[in-house]
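All remarks here apply to the structure that follows.
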Amino acid sequence: MESTNQDYISNEPSFGGHRVLITGAASGIGRAIAEAFASHGAVVILVDVNQEQLDRTVNAIGGHARGFACDVSSWAAQRELFVKVSTAIGPPTIVCLNAGIDPELAMSNPSSSTDSKNLVRYNYLADELDGLPHTTGNPAVLKKPPSTILDVNFYGVMYGLKLASFYMINTGTGGRIIVTGSAASYVGFPYQDIYVASKHAILGLVRATAKRLQARAQLGRVTLSMVAPWLTDTPLTRGNSLVGNGGAASQTSSASDVARAVLELSALDHGTCHGRCLWVRGTTMLEVEESYEQWLKRLVETRVRQKEPRL
């Protein structure tokens, strides 16, 4: 499946009656997803850790939007979120697990490159020393890298996937779960080691969980899919040197490009979208998991010729 957003515009769907929950929705891709669904008639449930920014975005979208502050890295907070949403509005029928952070991007910002190289919050291999005082003669102790990126990018998605599928299955509403991965789910980018690891982990989680939910998808109850945006112009990326400098950035996507890919997955029939991933680069969308599965099948079926033992 390869198309452009221009192709998609000619076949606008309606999402009236749907309740769409989006994490990381106060800005960037999450906000664009919320605006796109609201413009197609859905009730949008915006979730973000930044209350002030969340309130501004909800007010800007208007009557179709509701806001809930939540730290997605906390299981207790997400569990409470789904209870509140289901009680106040009804269980969501579409869940977009979009929240993510990438402090390692600071490594590409010339104005902060020195700090970025020396602090483990930006560079887990940095030689930053533990801030605890040491008695004379004790060796220097390296500072432990934080787990924040994995807490938000991976565990936040894992928690949301468990909760969304539970409510969709046990309330009988069914629905769709769409995860925001990244080109970094497939490609290793230097100086974004932990971010890349978190996005690779998301891809593995989606692939494996989609197989477990296959029967549910065939019944039209729960589907799981993913989008993998290339470099996207958002507040998260705008401050670094990657955006606007040509090269890889020459095909930078807008947040609305990614939002349209999410809408396309939401509009496709269950059998077509389940377990699939739309790679988004500029205005082009390309489904990549089917090709991967074909390659993997050939790889598994390849007979490895053993070398004759040397005498």
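Per-structure values
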{"read-out": "Amide H within-cut-off set for residue 276, under 5 Å, with H built and near neighbours excluded", "value": "226"}
{"read-out": "Label-point separation, residue 170 to residue 218 (7 Å along Cα→Cβ), nm", "value": "2.5"}
{"read-out": "Gaussian network model of the chain, springs between alpha carbon atoms under 10 Å - residue of 182, 39, 27 with greatest fluctuation", "value": "39"}
{"read-out": "The chain: relative contact order in percent, alpha carbon pairs under 8 Å with at least 6 residues between", "value": "19"}
{"read-out": "Cut-off under 5 Å, modelled amide H: who pairs with residue 222 long-range", "value": "175, 217"}
{"read-out": "Structure-derived volume of the Cα convex hull per residue in Å³: which label, when the choices are [x] 201; [y] 121; [z] 213", "value": "[x]"}
{"read-out": "Dipole in debye (nearest 20) - the chain, about Cα centre, beta carbon charges: Lys, Arg +1; Asp, Glu -1", "value": "980"}
{"read-out": "Added length on full extension, which subtracts the Cα-Cα distance from 0.36 nm per residue, residue 290 to residue 89", "value": "68.8 nm"}
{"read-out": "Top of 170, 98, 118 by mean-square fluctuation, Gaussian network on the chain, Cα under 10 Å", "value": "170"}
{"read-out": "Highest-MSF residue in the chain out of 268, 299, 286 [GNM, Cα springs under 10 Å]", "value": "299"}
{"read-out": "Summed residue charge, Cβ within 14 Å of residue 221's Cβ, Lys/Arg positive, Asp/Glu negative", "value": "+2"}
{"read-out": "Net charge over other residues, Cβ less than 13 angstrom from the Cβ of residue 170 (K, R count +1; D, E count -1)", "value": "+3"}
{"read-out": "Extension gain from residue 125 to residue 207, taking 0.36 nm per residue of separation minus the Cα-Cα distance", "value": "26.6 nm"}
{"read-out": "CD proxy at 222 nm, helix term only [per DSSP H run n ≥ 4: -39500 (n - 2.57); per residue of the chain; nearest 500]", "value": "-11500 deg cm²/dmol"}
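Bear in mind these aren't lab numbers, they're just calculated from the coordinates by the rules spelled out. Because the structure is predicted, anything quoted here is derived from the model rather than measured. All Cβ positions, even for glycine, are placed from backbone atoms using ideal geometry, and neighbour counts span all protein chains on display.
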